[in-house]
Structures are given as C-alpha cells and as structure tokens.
1. Kindly check whether there is at least one residue in segment 169-186 that is touching a Phe, Trp or Tyr at 6+ places or on another chain (Cβ under 7 Å), in contact (Cβ under 8 Å) with a residue 60 or more places away in the chain and not in a helix (DSSP H, G or I).
2. Would you check if there is a residue in segment 319-342 being open to solvent by less than 80 Å² (accessible area, probe 1.4 Å) and within 21 Å of I253 (Cα to Cα)?
3. Which condition breaks for Y169 when tested against (1) surrounded by fewer than 22 Cβ atoms within 10 Å (Cβ to Cβ); (2) more than 18 Å from A67 (Cβ to Cβ)?
4. Considering segment 239-251 alone, what residues qualify as being charged (D, E, K, R) and either touching a Lys or Arg at 6+ places or on another chain (Cβ under 8 Å) or open to solvent by less than 30 Å² (accessible area, probe 1.4 Å) (or both)?
5. If Y305 passes every condition in (1) in a loop (DSSP other than H, G, I, E, B); (2) crowded, with 16+ Cβ neighbours inside 10 Å; (3) not charged (D, E, K, R) but one, which one does it miss?
6. Look through segment 34-48, keep the residues that are in a helix (DSSP H, G or I) and open to solvent by 60 Å² or more (accessible area, probe 1.4 Å), and return whichever of them is nearest to L213 (Cα to Cα).
7. Which of the residues belonging to segment 308-332 are more than 17 Å from V107 (Cα to Cα), of a type in the set (G, A, S) and in a loop (DSSP other than H, G, I, E, B)?
8. If you check A51, A67, which single one turns out to be out of contact with any Lys or Arg (no Cβ under 7 Å at 6 or more places or on another chain), modelled with pLDDT of 95 or more, open to solvent by less than 20 Å² (accessible area, probe 1.4 Å) and assigned to a helix (DSSP H, G or I)?
Amino acid sequence: MTGLRTIPFFNYAALYLEREEEIIETLRDVMGRGAFILQQDLRDFEAKLRALLDVKYAYGLADGTNALILGLRAAGIGPGDEVVVPSHTYVASAASIHFVGAQPVCVEIGPDHMVDPESVERAITSRTRAMMPVHINGRTCDMDPLQDIARRHDILIVEDAAQALGSKYKGRCAGTFGAFGTFSFYPAKLLGCFGDGGALVTNDDAIAEQVGLLRDHGRNADGRVVAWGTNCRLDNIQAAVLSMKLKYYEDEIARRRSIASRYDAAFKDIDDITLPPGPDENADHFDIYQNYELEAGRRDELRRYLDERGVKTVIQWAGTPVHQFEELGLEADLPVTDRFFERCFMLPLYPALGDDEVEYICGAVRAFYGAGG
C-alpha cells in the first residue's frame, strides 16, 4: 500500500451534498407552502411505504424508539408482561419494552448475528406476551422458526426493523411478519433524513387505529380527543425529503450489496476473520447491508492498524450488548453474545464510498494479515 487516506466510518455530509439541489428544491417547496405538520407530503410518503412493503397501514412517526413504544401500547403490552428480545441490539429495543411497563428478557444470537430461535423458546414463561426479533445490519431474521414458536406459545411477534427497510426473507419484507414492524430514519440509516424520524407498519386494523390516535394526542379524524396520546408525528419536511430519497433507494441498496460482495471476496480466505453472510449466500435472504459487521480474533490490533492508515471503524452499540449494562438490571447469562462482542466490529459501508476507497480498505485489511495488497 502506498499513500495514506482518510476514510470516515460514515460520511454524513454526503447525505446532503450528493443531491444538494434536489434537496434544497424539496425544502423550498414544502416551506413555501407552509406545510409542516401532518400534511400531504407525509401522506404521500406513507403511501410509498405501504407500496414498498406491501402492507395495509404505514404511519410516519417521530423516531424509531417511539414507534416501538406506540406499537407495544397499541398491541396491549404492559405491566406484568415479558417481551423476549436479543441482547445484540441498540438499547432502544429494550427501552421501549420498559417504557410500556413490561419486562425485557434478553436472549442469544445465532451464527448470522440474528436472534437465536432456540434461545427465544427457552426464555418463554407464563408471562411472555411477545417476542421482538431485531433485524440487524440489513438482514431479516429467519422468521419461519420464530413464527412457529409464536404460534405454539400464543405470543405476538413485534419487529424492530430499524436497520432493515427493504430487507427480505423468502421474498417478504422485514417488518411485515408480526403484529407490527418499526423503522428508523436516523441519518445513518439506509433511508436517512436530516434528524430523527421513524415509521410503524401493520396489517392489523385495531393496532393501526390506536397508533393513528396515539401519535397525535389521541385525536380522531374529527379532532376530538378520544384517548390518551402523545406527540409522535414525523415532521412533514422530513417526510418530503424521505419521499424524494426513496426514488434512489433501489440503487443505493444495489451499491451496498456490491461493496459487501467486494469485502466478502477480499477477506474470505483470512482464517482470523468471520464474515457476515454474503449477498448471494442464501436464496432465502435478501440482505441490504445497513452495516458490514464482521468478527476478528485480532480485532483490536486490526482496528488500530486500520486507524493508523485512516480507515475508521466502529464497534456497534459502543461494544456493549444490552444485558451488559449493569445499571439497567437485565441479568442474563449469554456467553455467545459475550464472545461475539469480544470479536465484532464494522467496516465503512455506505453508497458514497468510492471504489478506490473500498479497494484501499480491502488492501489495508489484507496487508495487516500479510495477505498482500
């Protein structure tokens, strides 16, 4: 390798600069109409989400965390209930369960870094009302065994698909298998806005009715307050931007899958590294690579080496699975997850990453292992 470079883990400025003129025109249009809260732009975006995911209802909400909270409330989850959730997730997944008065029960992950169905089944008790599969890194969990468990134990599936908009399992989109699914539009997400944003989708009429009330202070279509609600609406400006960006979404997913393929080809012969499933490894899965999370026995040395060469990497969730936050009191014995967090980290992967930058990253990793490049 010759010539050091600086490659950020994520290029936030590129979110704006890549389509600056179109974004400015979108903002000018919305603001010129004075269309800020619950306007046509939000309704249009919700319609596009319904079409993309093939669902009956879609609600733009303030953020992914509150989307989970509203969904759990609408599904009747509350005090005395338990909800099974993988510990390999952002704390928001468990926090949403806590804030409706229920108890999060943390479980293990499997070889693909998704929730382990056997661990889910072992965690079910008489108080279990739901499981919350978390579709991590742009991959949908293996939903067949999870649906089977849910049917046999008569519990709900509620999906945290914050990182998986457009990911599929057996042709069906993440977020559409259970009572409801939620998404995040945080700037670094696959479809990111310029602040916080989220959505909930469902095919359940009763849940949809409740979420529609809960996000807008409990007001019905006539403006009458008929339930205790909150303010959890997706801002119309953000909805307009997201709607505009959806035009390019398929191309951006293709770019992410292309980068993932290049990483897979470059690292598959390195024994110290455990790779995520490749883009074409399993016909049941269509992965969209929100992140490229891999494992390495010499992780810390490798990350230092990459950092010295300008390649910024990240350990997801600040290197701490949910059950390890002692202050939260979520006691769980999860050796698989513990071991994973001793080895995991993420390489840069986003559409604005250039081919030359991908080549530089691949070369740096291979050089660390003496594999050329």
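1. Here is the first cut: in segment 169-186, the residues touching a Phe, Trp or Tyr at 6+ places or on another chain (Cβ under 7 Å) are 175.
Filter again for in contact (Cβ under 8 Å) with a residue 60 or more places away in the chain, leaving 175.
Within this subset, residues satisfying the condition of being not in a helix (DSSP H, G or I) are 175.
Scanning segment 169-186, I find at least one residue that is touching a Phe, Trp or Tyr at 6+ places or on another chain (Cβ under 7 Å), in contact (Cβ under 8 Å) with a residue 60 or more places away in the chain and not in a helix (DSSP H, G or I), so the answer is yes.
2. No, segment 319-342 has no match at all.
3. For Y169, the failing item is (1).
4. The one that is charged (D, E, K, R) and either touching a Lys or Arg at 6+ places or on another chain (Cβ under 8 Å) or open to solvent by less than 30 Å² (accessible area, probe 1.4 Å) (or both): K245.
5. The failed condition is (1).
6. Step by step, filter segment 34-48, then rank; the result is R43.
7. Across segment 308-332, the qualifying residue is only G310.
8. On the way: A51 fails: open to solvent by less than 20 Å² (accessible area, probe 1.4 Å).
Just a single option satisfies the conditions, and that option is A67.
The values are calculated or read from the model by the stated rules, or taken from the named source; none is laboratory data. If you're wondering where the values come from, they're calculated on a predicted model, not measured in any experiment. With ideal geometry, Cβ positions are generated from the backbone for all residues, glycine too; neighbour counts draw on all protein chains shown. With ligands, DNA and RNA removed, areas are computed over all heavy atoms of the protein, side chains included. Shrake-Rupley method; radii C 1.70, N 1.55, O 1.52, S 1.80 Å.
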